[in-house]
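Chemist: Provided herewith is a single structure, encoded as structure tokens, for subsequent inquiry.
The values are calculated or read from the model by the stated rules, or taken from the named source; none is laboratory data. All values derive from a computational prediction rather than experimental measurement. No Cβ is skipped: glycine too gets one built from the backbone with ideal geometry, and neighbour counts run over all protein chains shown. Side chains are part of the model used for accessible areas, which takes the heavy atoms of the whole protein and leaves out ligands, DNA and RNA. Shrake-Rupley method; radii C 1.70, N 1.55, O 1.52, S 1.80 Å.
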Amino acid sequence: MSSHLVDECAAPPKNCFRLVVLGTARVGKTAIVSRFLFNQYDDQYTPTIEDFHRKMYRIRGEVYRLDILDTSGVHPFPAMRRLSFLTGDLFILVYSVDNYESYMEVMRLREQILESKASCKTRTAAPPMIIAGNKADRPESEREVLYDEVAKWVSTVKKCAFLETSAKKNGNINELFQTLFELAKLPPEMSPSLHRRVSIGDQAWEAAKKGISFYPRGKQDDNPLGVVSPHARRPSLRSDLIEAEAKAEQEQRRAEKPSIPKISSALSPYRSQYRSCTWMSLLRQAFQGLVRPAGGQVCRLQVQHRCYNAPAAGHVQVDMNSDTGVATVRLNRPPVNSLNLDVLTELSIALEKLETDRSCRAMVLASAVPGIFSAGLDIMEMYKSTPERCVAFWRALQDAWLNLYGSRLITMAAIEGHSPAGGCLLAMSCDYRVMADGKFQIGLNETRLGIVAPFWFTDVMLCTIGHRETEKALQLGAMYSAQQALSIGLVDKVVPADQVMSTVQTELKSWLQIPDAARVITKTSMRKQVLDRLSSQKEKDAQFFADFILRESVQKSLGAYIASLQKRKS
Ligand SMILES: CCCCCCCCCCC/C=C/C(=O)SCCNC(=O)CCNC(=O)[C@H](O)C(C)(C)COP(=O)(O)OP(=O)(O)OC[C@H]1O[C@@H](n2cnc3c(N)ncnc32)[C@H](O)[C@@H]1OP(=O)(O)O
């Protein structure tokens, strides 16, 4: 390695770290990051959705990479948030000294991070964290959080430090990072005052990446230096997971130095259980601690590098048309687009990304699998599962649904095939539904499986077809043809299969003519009550699902239903 090369790719995994900055809105998270990276302060407040920065260092001949995720204070995107907990190596939790609620949020955040890390069974240790009591420059009369109270709390928690800061006055910002880096055993030179900041233009950066020195010819400089990457882009979910898994592996190796079972043979038993799962998704589940390979050992990463080179899982394909502002999201999990943990997580994140994409105004939900919209929830996720996996699965479903039903976008379902149960829920959660005429069926058929549609499925159906029809439909587990669905208002239009997409596009034209703000306010006011009902009891609902679905009698019904599906086929 050239000693002068500070290249994003040159940092070995052991030298790559992700710092996640969390806290409620308006506590100064972005201001702290901006001070650290650019020594700048901007008095204007612009809410952050999620900003990503990258700083590269050359310290004592080694290259280090620090990624900084500056998160949103309001968190309408739970999947993105959970991912930030999982992928963070070190954390800054920010509250404002003039806002007690923001301090309480910091305490909650710490718990949530620990919970997330614990649920990923390969990583159990508490990550290094620092609590920043920002806006310490505020007059004492405005103070709501006492220094001593926080100091007392922090003294009782592991791997955690505390400082009051002022991003505005540049008070304790250097110390904040220095303390955190010490806690995380990172090189102290990463602190702002202990390295030379290199301002680098795009051309120089490109030169550096090609290995050309950006120092004047012949001049040696072995002092630590740091450079903010001008091209930092948030890595994809896939890269996030790969990196987090690599780290988990590293940590575990350091912790116990076990023998490394071959992942291919260790995971083989799950190939049949999770039909059409890709290696990537199995790895992801293993990483989440939800799939235990043979012998109960946690999967190792040794062969994961090979798996990562395999084609992307791609259970959710997004095609964004930037001319029209319309995105098409296609479910792609043959043979029947059943919704497992993996698909739901990918769907949630795809929806969150579109939600934050200002150029996107509408979304068409469709299928990449001919003859199927979605067969609903993957029954194998509910059959002979574990309480932990059930809860994780249900949370993923809740998040995907909250994102879809609560979306600011115009959402249209192009139903070009069967759409039972969870598939029907997805379709009903859109603003408009066009269904293919013919043999395909749609409906909430849960009772036929010996299970019960949860209250939020029922709420959505009530809003769509009214009380009387819902009561009949749910008790009977009724599946409707497209024409029947049209007659009760379950779908809005029925057309020949080859005209579904073009009909959606035509219908979209009139929706796109309505000013977004007025439409979004109207949509929100119509849907808020239903959304709030689930949002206020997500954990209770997830626990209730796990308890219900794992009952012996329910498992028996599911077993019989699976057998009937297989029999019907043969
Ligand atoms: C007091 C209140 C308490 C509330 C607590 C909560 C309770 C729990 C609530 C849970 C809510 C559940 C929602 C759901 O979505 S459950 C899923 C319901 N889905 C179905 O019933 C669909 C079943 N499938 C079909 O009817 C057909 O497959 C379909 C019409 C969709 C397509 O038919 P086709 O002939 O094209 O395909 P096959 O039937 O041959 O299927 C191909 C293979 O796929 C398997 N399959 C099908 N559906 C599913 C599924 N949903 N999950 C997993 N696997 C599925 C099928 O068995 C075939 O497999 P093999 O090839 O191995 O035979």
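Chemist: Find the relative contact order for region 316-564 and round it to a whole percent, using C-alpha pairs within less than 8 Å whose residues are 6+ positions apart.
Modeler: Values: 441 pairs, mean separation 49.4, N = 249.
20 percent.
Chemist: Right, another one. Looking at this model, which pairs from LYS353/LYS384; LYS14/LYS55; LYS117/LYS158 are more than 22 angstrom apart at the alpha-carbon?
Modeler: Working: LYS353/LYS384 33 Å; LYS14/LYS55 15 Å; LYS117/LYS158 14 Å.
Cα-Cα > 22 Å for LYS353/LYS384; rest within.
Chemist: Okay, moving on. Give the accessible area for GLU140 in Å² (nearest 10); use a 1.4 Å probe, count only protein heavy atoms, and leave out ligands, DNA and RNA.
Modeler: Surface accessible to solvent at GLU140 totals approximately 130 Å².
Chemist: Let me ask something additional. Using a basic spin-label model with each label point 7 Å from the Cα along Cα→Cβ, how many nm lie between LEU565 and ASP319?
Modeler: Output for this residue pair reads 2.8 nm.
Chemist: Now for a separate question. With a 1.4 Å probe and all protein chains in place, put TYR95, TYR480, TYR147, TYR41 in order of accessible area, largest first. Don't skip to the answer; put the middle values down first.
Modeler: Details: TYR95 0, TYR480 30, TYR147 105, TYR41 85 Å².
Sorted descending by solvent-accessible area, the residues read TYR147, TYR41, TYR480, TYR95.
Chemist: Roughly how many percent of the accessible protein surface of region 316-564 is carbon and sulfur, given a 1.4 Å probe and a whole-percent answer? Kindly include the intermediate steps, with their values, before the conclusion.
Modeler: Values: 5670 of 10140 Å².
With neighbouring chains kept in place, the figure for region 316-564 is 56 percent.
Chemist: Give me the one-decimal nm value for the distance between modelled label points at ALA151 and HIS231, 7 Å along each residue's Cα-to-Cβ direction.
Modeler: Label-label distance for ALA151 and HIS231, simple model: 4.7 nm.
Chemist: Here's another thing I want to ask about it. Could you work out how far apart the two model spin labels at LYS509 and LYS159 are, taking each label as a point 7 Å from the Cα in the direction of the beta carbon, and quote it in nm?
Modeler: Each label point is offset 7 Å from its Cα along the Cβ direction, giving 5.8 nm.
Chemist: Which whole-number percent is the relative contact order of region 365-468 (Cα, under 8 Å, 6+ apart)? Don't jump to the answer; show the numbers that get you there.
Modeler: Values: 132 pairs, mean separation 30.2, N = 104.
Normalised by residue count, the contact order of region 365-468 is 29 percent.
Chemist: Which trypsin sites (Lys or Arg not before Pro) in region 111-193 pass both tests, a DSSP loop state and at most 15 other beta-carbon atoms within 10 Å? Walk me through the numbers on the way to the answer.
Modeler: Numbers: sites: LYS117, LYS121, ARG123, LYS135, ARG143, LYS152, LYS158, LYS159, LYS168, LYS169, LYS185; in loops: LYS121, ARG123, LYS135, ARG143, LYS158, LYS159, LYS168, LYS169, LYS185.
Sites meeting the loop and neighbour criteria: LYS158, LYS159, LYS169, LYS185.
Chemist: So, one more: Quick one: if the Förster radius is 30 Å, what FRET efficiency do LYS439 and PHE548 give, using the C-beta to C-beta distance and rounding to 0.05? Write down the numbers at each step before the final one.
Modeler: On the way: r = 32 Å, r/R0 = 1.08.
Between LYS439 and PHE548 the formula returns 0.40.
Chemist: Is the shape of region 521-570 best called rounded, prolate or oblate, per the rule: a/c under 1.5 gives rounded, else a/b larger than b/c gives prolate, else oblate, with a ≥ b ≥ c the square roots of the Cα gyration tensor eigenvalues?
Modeler: On the way: a/c = 6.56, a/b = 1.97, b/c = 3.32.
Oblate is the answer for region 521-570, as a/c is 1.5 or above yet b/c matches or exceeds a/b.
Chemist: Sort 499-511, 363-375 by the packing proxy (mean of other Cβ within 10 Å over each peptide's residues), most packed first.
Modeler: Going from most to least packed, we get 363-375, 499-511.
Chemist: Whole Å is fine, so just give me how far the alpha carbon centre of region 507-534 lies from that of region 399-460.
Modeler: 18 Å
Chemist: Sequence neighbours fewer than 8 away in the same chain don't count; with that in mind, list the aspartates and glutamates whose C-alpha is under 14 Å from LYS29.
Modeler: ASP42, ASP43, GLU50, ASP51, ASP70, GLU105, GLU164
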